[in-house]
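The values are calculated or read from the model by the stated rules, or taken from the named source; none is laboratory data. In this text, all values refer to a predicted model and were calculated from it rather than measured experimentally. Note that each Cβ is placed from the backbone with ideal geometry, even for glycine, and that neighbours are counted across all protein chains shown. Accessible surface areas use protein heavy atoms only, side chains included; no ligands, DNA or RNA. Shrake-Rupley method; radii C 1.70, N 1.55, O 1.52, S 1.80 Å.
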Amino acid sequence: MALLNSVNEIFRTFGASVVVPIIIFIIALLLRVKPRKAMMSAFYAGVGLTGFTWIISEFTPVITKVVRQMVNNTGIKLPVVDIGWEAGSLAAFGSTVGLTFFVFGLLVELLLFIFGVTKIFLPSNIWNNFGYMIWGTLAFYATHNYWLSLGLEFFMLLYSLILAEIQADRWSSYYGIENTTVDALHNIEQVVPAILLDPLWNLLGFNKVKMTPKDFKKKLGVFGEPITMGMILGLILGILGNLSSLGTMKAWGQITKVAVQLAAVMAIFPLITKVFAQAFTPLSAAIDEQQKKKTHAKQKDRYDKKRWFLAVDDGVGYGESATLISGIILIPIMVLMAFILPGNKTLPVVDLIAIPYMVESIVAITKGNILKVIATGVVWFSLGLYAASWLGPIYTGAVTHYGVAIPTGVVMVTSFNLVARPLNALVFAAFISENPLWITLAIIIYLVLLFGLRKYRPQIWRYLNKMAAKNA
């Protein structure tokens, strides 16, 4: 326990913006990147993560206030309120089962990569391990079974790596950083609906609808520019949050401020993303060079079964235009869905700003088709609201048990980003049932998927690229 607390204290003291660059530096040296380039990669990673934190921390209160006003205007009264992912992160690092995974999970991640179970090098994105830790923390609170809860964390690690590898070629291709992918548990399961629903959207003709940032810019001119679209979306959000007071100067002051701030995010975030991406460019090049030497090929083969990927923070994709636009459009839509879905008890609020993170896999797989991203998001995140509703009592009990204060007047709390996850909730339900039949079934499904991925990965990637190419 002392070891776990010491590791936790180190990470809390220095934070992701220091720990992650150190890990990037070590990985770069192991990949035989020259020390100077390795050092610059580490610096870019630290600067990029700091930039992400600054922008999100400044922008979140602005959007959250408007969303709360929007909710008040609708008169929605739901018992499970989204207070943001930070509370879940604190609970995850505050539990013994969570800290155990944080320490020993790193070793397991290394071994899974070394022995070829996965082609994703996950230690490069160690910060997002809290996504596994929160589910183990919830399971331990619900069952008081330490080993079952720890087993759940490691099982979620295993299947998230499969999903990360399935999308890896599309993600790295779309976001323009070779040999990288994302694997945050709370954002990777969207690979499933993105793939399953894509043929349906094609039948409905969504693939023929030209809704990408390039199309907007071409058709709308200055009004299709990301900054202008940010301004327009900001005006819409601001007006929706001030419908009851549009005749006042105060309301229009807030509306115009939100518009300018969202325009600023659309302009600044891509610049920070480029800085962060530079941390991985030398590493990506080194991976390419090593793979060429192993295969004795003059050119790389993107479908090579031995090709592997670095896991990166999903902040890399947040600032991409289609990702940001889709995410912002989904904010008022998900508030509306929370209001009209029968039986839903969850009110998304703070984590709505995290939707761009949540749609990255969908954006990559659909080649930035904003209509498909929104349609898939509505379906999957609506199911997620039901998952969060069911988990409300467990999540509230767990976070309060580990010292997180609940806002006055709120009955139950949740995190729309961490908990509104249909697939993760199903796996969680199987494990906390403590029924060997359900747990065994989950393991069998994983093994079948792993066998299919190892044997047919090139075919899977070719299929996804073929489907992506169908989008106008």
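Brief remarks on what is shown
- With respect to the conditions (1) closer than 28 Å to D169 by Cβ; (2) of a type in the set (S, T, Y); (3) open to solvent by 20 Å² or more (accessible area, probe 1.4 Å), T53 falls short on a single one, namely (1).
- Count of residues meeting criterion [modelled with pLDDT of 95 or more and of a type in the set (V, I, T)] in region 139-180: 3
- Among the residues of region 170-195, those that are touching a Ser or Thr at 6+ places or on another chain (Cβ under 7 Å), under 19 Å from D301 (Cα atoms) and not acidic (D, E) comprise W171, S172, I177, N179, T180, T181.
- Condition check for A429: under 24 Å from the mean Cα position of the chain (by Cα) and either at pLDDT 95 or above or not in a helix (DSSP H, G or I) (or both): yes
Residue-by-condition table, conditions (1) small (G, A, S); (2) within 20 Å of D313 (Cβ to Cβ):
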residue: V71; (1), (2): no, no
residue: G94; (1), (2): yes, no
residue: V117; (1), (2): no, no
residue: T137; (1), (2): no, no
residue: A168; (1), (2): yes, yes
residue: S173; (1), (2): yes, yes
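- Being touching a Pro at 6+ places or on another chain (Cβ under 6 Å), open to solvent by 30 Å² or more (accessible area, probe 1.4 Å) and assigned to a helix (DSSP H, G or I) is a description that applies to W380.
For every residue, the table says whether it meets (1) more than 20 Å from A322 (Cα to Cα); (2) part of a helix (DSSP H, G or I).
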{"residue": "S160", "(1), (2)": "yes, yes"}
{"residue": "Y174", "(1), (2)": "no, yes"}
{"residue": "V192", "(1), (2)": "no, yes"}
{"residue": "K210", "(1), (2)": "no, no"}
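- Of the numbered criteria (1) buried (at least 24 other Cβ atoms within 10 Å of the Cβ); (2) part of a helix (DSSP H, G or I); (3) free of Cβ contacts under 8 Å to residues at least 60 places away in the same chain, the one V108 fails is (1).
- Total residues in region 8-44, condition within 13 Å of I126 (Cα to Cα) and open to solvent by less than 70 Å² (accessible area, probe 1.4 Å): 12
- Among the residues of region 111-124, those that are in a helix (DSSP H, G or I) and surrounded by 16 or more Cβ atoms within 10 Å (Cβ to Cβ) comprise L112, F113, L122, P123, S124.
- Of all residues making up region 338-382, the number that are of a type outside the set (K, R) and more than 20 Å from W201 (Cα to Cα): 19
Let's see how each residue does on (1) in contact (Cβ under 8 Å) with a residue 12 or more places away in the chain; (2) open to solvent by less than 50 Å² (accessible area, probe 1.4 Å):
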position: G88; (1), (2): yes, yes
position: F104; (1), (2): no, no
position: W127; (1), (2): yes, no
position: E178; (1), (2): yes, no
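- Residues satisfying the stated conditions in region 414-438, i.e. open to solvent by 30 Å² or more (accessible area, probe 1.4 Å), of a type outside the set (S, T, Y) and closer than 15 Å to L152 by Cβ: L423, L426, A429, I432, E434, N435, P436, W438
- For region 242-259, the criterion of being open to solvent by 80 Å² or more (accessible area, probe 1.4 Å), touching a Ser or Thr at 6+ places or on another chain (Cβ under 8 Å) and assigned to a helix (DSSP H, G or I) is met by no residue.
- One residue alone among F93, F59 is of a type in the set (F, W, Y), within 25 Å of P356 (Cβ to Cβ) and at pLDDT below 85, and that residue is F59.
- Residues that are under 27 Å from V275 (Cβ atoms), open to solvent by less than 30 Å² (accessible area, probe 1.4 Å) and either outside any strand (DSSP E or B) or in contact (Cβ under 8 Å) with a residue 24 or more places away in the chain (or both) do occur in region 130-146.
- So L423, is it at pLDDT 95 or above, closer than 23 Å to M133 by Cα, in contact with a strand residue (DSSP E or B) (Cβ under 6 Å, 6 or more places away or on another chain) and not aromatic (F, W, Y): no
- Yes/no for I365 being of a type in the set (A, V, I, L, M), modelled with pLDDT of 95 or more, closer than 20 Å to A184 by Cα and open to solvent by less than 30 Å² (accessible area, probe 1.4 Å): yes
- When each of T74, T60, T96 is tested for being open to solvent by 10 Å² or more (accessible area, probe 1.4 Å), out of contact with any Gly (no Cβ under 7 Å at 6 or more places or on another chain) and closer than 17 Å to F416 by Cα, the lone residue that passes is T60.
- When residues of region 267-284 are limited to those that are hydrophobic (A, V, I, L, M, F, W, C) and open to solvent by 10 Å² or more (accessible area, probe 1.4 Å), the one farthest from V312 (Cα to Cα): A267
- Taken over region 313-343, residues that are over 30 Å from V18 (Cβ atoms), outside any helix (DSSP H, G or I) and touching a Leu at 6+ places or on another chain (Cβ under 9 Å) amount to 1.
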